[in-house]
Amino acid sequence: MADTPAYPVGLRLAGRRVVVIGGGQVAQRRLPALIAAGADVLLISPSATPSVDAMAETGEIRWERRRYQDGDLAGAWYALIATQNREDNERASAEAERERVWCVRADDASAATAWTPATGRTEGVTVAVLTGNDPRRSAALRDAIVEGLREGTLAARGHRHTPAPGVSLVGGGPGDPDLITVRGRRLLAEADVVIADRLGPRDLLDELPPHVEVIDAAKIPYGRFMAQEAINNALIEHAKAGKAVVRLKGGDPYVFGRGMEELQALAEAGIACTVVPGISSSISVPGAAGIPVTHRGVAHEFTVVSGHVGPDDPRSLVDWASLAKLTGTLVILMGVDKIGLIAEALVRNGRSADTPVAVVQEGTTAAQRRVDATLATVGETVRAEGVRPPAVIVVGEVVRVGSTGDTGTTGAAGDTGTTGSAGATGSAGATGTPGAAGTTPAPTTGA
């Protein structure tokens, strides 16, 4: 009988009595799914793990603090037996057999009338894998299938899930395509139209099916750029045409990414919009170069500011004088061409000229390089080294912390001061776009 394959079935347990005997690690793993299924769960156990105890405290399950007794399975539809007392397990299993209650045995699968598959869920799909007596293989297969579904790399032949028309503002992360979120990658795989920035993870565009329309919304510094109004109009036009649209941005949509402007335009047009956060280059790029933005005993805070408008520009909203008085880490995005003026303002307002500075260009990419300086020298260093956007600038003592540890692979020869993981792929950072005379320069989207 043990060699007979199990018959797969999905149990609808909402409102139905389920008895769990034993409050240890097995129960802790299985109870959340039973609760999510809406089961009326009774736990019978003298003790329980803190997590299981919390489920009882919040009323998600009922708990009788005692050992199993004959009759406990009366009226049950399903039972999970998971105690360390084999005698209790066998008695409960025998009752389940008599009462015709499907029963899982954590201690002896061969004595059970039901097996628990390795289960995963994503976007309305439940994946359940049974491989007989090889639970590790079941779990590995489950993980591979769920990951493929989430990333969009696994789909039924001849069938493609079509999401409801609308727009998804997706943060693509700092540039390395592996650093986009699982949800962001899945939405890309389901898109009809992708409107992408230059700073987004461009490698991901190569993976899109041929029918997907890709629109370049790059606002390239010091050159041509698509006006924000045109981007908004493109989003609205394609969504109204019944398309699933992904607005792919670098970093996070709401960190100097104009994500809220686009969301507001979509809302005014009556277009449904989903925002998918991304990993901001303000934290990830310094990390890729071996620099922690905070460190115990060194920096208890970090501040992220835009440098696309200089300190002497009346349009600037940044209080550089106050920032100069802080002792923590200052992360400057979109500030490569203004870093000399920014450094002068910080020193003029009290920050030490010897404060270390690191400029990380093309962070998390194969072209990543790190150039170190101080506030006194960073302006000239950036010019001498030919640093170009996108780059993230880190000011503070954490730069020295990041220069003393094992920060990973050193950059290519000729990249002065370059450290960090130079083998990643993608792009990171952000830079400012010059505006017309009398207008505020528009920051590139996503940081």
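Here are a few things to note about the model shown:
- Cα centroid separation, the range 265-302 to the range 125-149 (Å): 33 Å
- When a 1.4 Å probe is rolled over the protein heavy atoms, the share of accessible surface on the range 1-159 that falls to carbon and sulfur comes to 50 percent.
- Extending 7 Å from the Cα toward the beta-carbon at both Q84 and R66 defines two label points whose distance is 2.2 nm.
- Multiplying the residue separation of W115 and A36 by 0.36 nm and removing their Cα-Cα distance gives an extension gain of 26.6 nm.
- Tail fraction, Cα-Cα pairs, the chain, threshold 40 Å, whole percent: 41 percent
- Inter-site label distance for V214 and A14 at 7 Å from Cα along Cβ, in nm: 4.2 nm
- For the chain, the solvent-accessible area works out to 49 Å² per residue, with a probe of 1.4 Å and every protein chain left in place.
- Cα-based Rg / Dmax (Å) for the range 31-73: 10.4, 28
- Dipole magnitude of the chain about its Cα centre (Cβ charges: Lys, Arg +1; Asp, Glu -1), debye to nearest 20: 380 debye
- With both labels modelled 7 Å from their Cα along Cα-to-Cβ, the D108 to L205 distance reads 6.3 nm.
- Only protein atoms count toward the accessible area here, which uses a 1.4 Å probe; on the range 317-401, the carbon and sulfur part of that area reaches 53 percent.
- For the range 1-90, the calculated P(r), taken from all Cα-Cα distances in 5 Å bins from zero up to the bin holding the longest distance, is 3, 14, 25, 24, 18, 11, 4, 2, 0 percent.
- Extension gain, E147 to A164: 0.36 nm times the residue separation minus the Cα-Cα distance gives 3.9 nm.
- Rg over Rh for the range 262-323 works out to 1.12, using Cα positions for both radii and the Kirkwood form for Rh.
- One decimal place: the segment R29-R348 gains 109.0 nm when fully extended, by the rule 0.36 nm per residue minus the C-alpha distance.
The values are calculated or read from the model by the stated rules, or taken from the named source; none is laboratory data. Note that the coordinates shown come from a computational prediction; the quantities given were computed from them, not determined experimentally. Here Cβ is always computed from backbone atoms with ideal geometry, including for glycine, and neighbour counts include all displayed protein chains. What goes into the accessible areas is simple: the full protein's heavy atoms, side chains included, and nothing from ligands, DNA or RNA. Shrake-Rupley method; radii C 1.70, N 1.55, O 1.52, S 1.80 Å.
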